[in-house]
Amino acid sequence: MKTLVLPLLLANAVCQASLCESGQRQSPVNITPESVSTQKLPAMSVDYQAAPLKLANDGHTLRVRFDKSGQLVLGKERFSLQQFHFHTPGGDQIQGETFPFAAHILHKNAFGQLLAIVVPFRLGAENPLLAKLLPLIPAKVDGNHLHPKLRVSAKELLPAALGYYRYSGSLTDAPCTEGVQWLVMKQPLELSSAQLGQWQNHFKNNMRGINPLHGRKVFESS
Ligand SMILES: [Zn+2]
């Protein structure tokens, strides 16, 4: 039995590593004017509800988890809200602009397909949601922390204008699984440099570099 299982595990690990290195539909990307197609996209509509704060330090990032606390509607498609978390640097670039920080809001539809919203952040004013969350980052990696009196909505992470870019990409960590839909918000939010410093006291850089589009089109909403 052992002799059979070990080669299978090794084969699986090699396969995962090679997708991160040689996949053709990887994230993050640089959204350039030449890659953008003006195909009509459905308007984004969100129904995110405030829920008691449940967060975890997973060793790489701060994750805020939701359980049946909202959904995203894109035309006829519906995706339920799962969690959001943060990255530095921000990952996806818009016309070569790099962002020091980004939020990823993850969703899943009834068929298990993943959809992630990227909210890029520039340095500027203090962000009110981060002002609530940063002091609560658990000092060590130890599962979920519930703050029943503090209610948080993923709506607090969305810019006022809901225009977006859409492309087909991948998970940004191993196994770099492809087939993830990415919606990159066109309007960045801001966080202060003190807030970025506060984040960096807890977490190292947790975003991989830019990947080639390999002929993928990026679609832009109005
Ligand atoms: Zn992420």
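No value in this document is a laboratory result; all are computed from the given coordinates. Here the structure is a predicted model, which is why all the values come from computation and not from measurement. Every residue, glycine among them, receives a Cβ derived from its backbone with ideal geometry; neighbour counts consider all protein chains shown.
Okay, here's what the table says:
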quantity	calculated
Links that overshoot a 24 Å alpha carbon limit, given the list LYS54/LYS76; LYS155/LYS186; LYS54/LYS155	LYS54/LYS76
Spin-label zone in segment 184-200 - amide nitrogen under 16 Å from a point set 7 Å from the Cα of LEU123 along the C-beta vector	189-200
Over segment 2-220, relative contact order from alpha-carbon pairs under 8 Å, at least 6 apart, %	30 percent
Of the trypsin sites (Lys or Arg not before Pro) in segment 15-92, those whose Cβ has at most 12 other Cβ within 10 Å and which sit in DSSP loop	LYS40, LYS68, LYS76
LYS186-ALA131 pseudo-label distance in nm [points 7 Å out on the Cα-to-Cβ vector]	2.9 nm
Gaussian network model of the chain, Cα within-10 Å springs - most flexible of ALA51, ALA102, ALA43	ALA43
Among ALA43, VAL152, LEU62 the positive-end extreme of the charge dipole of the chain (Cβ point charges)	VAL152
CYS176, CYS20 arranged by Cβ crowding within 10 Å, fewest neighbours leading	CYS20, CYS176
Compactness of the chain, expressed as Rg and Dmax over alpha-carbon positions, Å	17.9, 59
Full-stretch length increase - VAL73, SER18 - with 0.36 nm per residue and alpha-carbon distance subtracted	16.4 nm
Per DSSP, loop trypsin sites (Lys or Arg not before Pro) in segment 140-178 with at most 11 further Cβ within 10 Å	LYS140
Selected from THR38, THR172, THR98 as most flexible by GNM, with the chain as the system and alpha-carbon contacts under 10 Å	THR38
The chain - charge dipole about Cα centre, Lys and Arg +1 at Cβ, Asp and Glu -1, debye rounded to 20	500 debye
Euclidean distance of C-alpha centroids, segment 142-156 and segment 85-119, integer Å	20 Å
Neighbour-count order for SER69, SER37, SER222, fewest beta carbons within 10 angstrom listed first	SER222, SER37, SER69
Residues HIS104, HIS145 arranged by fewest to most Cβ contacts within 10 Å	HIS145, HIS104
For the chain, built as a Gaussian network whose Cα springs stay under 10 Å, the top-fluctuating residue of ASN201, ASN127, ASN57	ASN201
Cα centre as origin, Lys/Arg/Asp/Glu Cβ charges: segment 30-136 dipole, Debye	380 debye
Anisotropy class of segment 141-222 from Cα gyration tensor, a/c 1.5 cut	prolate
Residues with amide H under 5 Å from that of GLY70, placed H, sequence gap 5 or more	GLN49, LEU81
